[in-house]
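These notes concern the structure reproduced below.
The values are calculated or read from the model by the stated rules, or taken from the named source; none is laboratory data. Small disclaimer: the values here were computed from a predicted structure and weren't measured. Please note: Cβ atoms are built from the backbone with ideal geometry, for glycine as well, and neighbour counts cover all protein chains shown. Protein only, heavy atoms only, side chains kept; ligands, DNA and RNA dropped before computing areas. Shrake-Rupley method; radii C 1.70, N 1.55, O 1.52, S 1.80 Å.
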Amino acid sequence: MWQLGPGWDDEAQLARAWRAAQPFPYLVFDDFVAGARLPELLAMLEEEPVQRYEGDIFVFEASAPEPTTPELRELRASFASVLAPALSRITGHPLRRADMRAYAYRAGHYLLPHSDHQDDLGRVIAYVYYLPSPEPPAGGELELFACRAEHGELVATDSARLIEPAPNRLVVFEVSPLSLHQVREVLGGLRISLAGWFYP
Amino acid sequence: MTTLEQLFGGRTAMVVDDVVGPSRAAEVRGRLARTGYTRYALLDRGSYELLADPQEPALLAALTEIAARMTGRALAVAEARALRLGPGDYLLAHHDRLHEDHPVELTLDLSPASVPGAELHYRRRGQVYFRVPCVPGSLAIVERGPTVSCNHTYVSKRNPVARIVRLMLLLRDR
């Protein structure tokens, strides 16, 4: 399912773009999956159940942290095996495995600003892959913030980048205490994605 | 099994309706607005407007008296603030302060209109145990404990005219 297209050929250029990205390292890859394979990808997710999750920073629907269907487990394994070596070279972080959950953001769903960073979790690179939606979403952008910290506390958080949840787009970004980001509220339609983190 | 936290932790959690009427709420709301709010925007914690130490002595005294009657405690105002939230605003639980003692927190809803989904969530060890909906004129009375935190839920942008005004008091034993 996962194959790196021509956009991945020049790893030196991608590494430069990664390092230069602001407000923190990130890359965007459009047309990530060959168009002819998208129906097959969507079919592999059909049986994976999702449920509503709600906390003070989020409301969304998602699959369980551990996939329940062999199809999603296979997608997760092949995603890591194809991307981890290339992303290791591009980002300079040794990566081996990835987790993967399916997400469905409906109207009114959101994920408020947070960094993904927790010392004990080992998340190195975050990713989100936007699937084609039967009801293209309004809103639901990934927003990256420029932050300043003093004594371990954030003292400034300013909006810096908005990334549209365009279908068949992969976004990867570095996880750190300063990688503040959010999923803006979906105002209508359906935002569906696969997302997770890469680990050493 | 009953835990010590359940026995001695946050106890009273209730909402008293119609504590102030629409016209008095509008008067107070107007005075607060004229005094002026300051926007808080450290977005990993919250997004809202704050007015510290609102000068509403008569109202604060009346609310304290209601809380004293409902909890059976002799209480005095320790802190007061007014919060104003619009579409896209929120206060996260980790922006809230934990209290080692058991103060009483009051929230008077001065909003001009009800905003469905805009709630206060009181949590014990992270789990929501008490939800306060946005009902103009109502007063929430919550006895806090060392493991109790509170968040103000995200206000949806799908309601572009949503406006929530909360007068919040922390009361301690006299």
key: Simple spin-label estimate for residue B:50 and residue B:127 in nanometres, 7 Å along Cα-Cβ   = 3.1
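Based on the Cα coordinates of chain A, what is the per residue volume of their convex hull in Å³? Mind dumping the intermediate values first?
Details: hull volume 23.5 nm³, N = 200.
In chain A, the Cα convex hull volume per residue is 117 Å³.
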Cleavage-rule hits (GluC sites (Glu not before Pro)) in segment B:35-114: DSSP loop, at most 10 neighbouring Cβ within 10 angstrom = B:100
request  = Send over the semi-axes of segment A:1-99's equivalent ellipsoid, whole angstrom and largest first, taken as the square roots of 5 times the C-alpha gyration tensor eigenvalues.
outcome  = 27, 19, 13
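According to the Kirkwood expression over distinct Cα-Cα pairs, how big is the hydrodynamic radius of segment A:41-142, in Å? It would help to have the intermediate numbers written out before the result.
Details: mean 1/r = 0.0651 Å⁻¹.
With all distinct Cα pairs of segment A:41-142 included, I get 15.4 Å.
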query = Considering every pair of different Cα atoms, what Kirkwood radius, in Å, is found for segment B:44-147?
reply = 14.9
ask   = Top mean-square fluctuation among B:76, B:41, B:25, Gaussian network model of chain B, C-alpha springs under 10 Å?
value = B:41
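Which three numbers, in whole Å and largest first, are the semi-axes of the equivalent ellipsoid of the protein assembly as shown derived from its Cα gyration tensor as √(5λ)?
Numbers: eigenvalues 398, 83, 79 Å².
So the equivalent ellipsoid measures 45, 20, 20 Å along its semi-axes.
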task = Take the Cβ-Cβ distance between residue A:53 and residue A:160 as r, set R0 to 35 Å, and report the resulting FRET efficiency rounded to the nearest 0.05.
result = 0.85
task = Pull out a ≥ b ≥ c, the square roots of the eigenvalues of the alpha-carbon gyration tensor of segment A:84-200, then state rounded if a/c is under 1.5, prolate if not and a/b is larger than b/c, and oblate in the remaining case.
result = oblate
task = Taking only protein heavy atoms into account and a 1.4 Å probe, give the accessible area per residue of chain B in Å².
result = 46
ask   = Using 15 Å as the cut-off for backbone N distance, which residues of segment B:33-67 belong to the label zone defined by a point 7 Å from the Cα of residue B:79 along Cα→Cβ?
value = B:46, B:50-54
task = Compare B:35, B:71, B:12 in a GNM of chain B, Cα atoms joined below 10 Å, and give the one with the largest fluctuation.
result = B:35
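Which is the longest part of chain A that has none of the GluC sites (Glu not before Pro) sitting in a DSSP loop with at most 15 other Cβ atoms within 10 Å? Please report the intermediate quantities before stating the final value.
Numbers: sites that count: A:46, A:47.
The answer is A:48-200.
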ask   = Build a GNM of chain A with springs between Cα atoms under 10 Å: which of A:139, A:152, A:92 gets the top mean-square fluctuation?
value = A:152
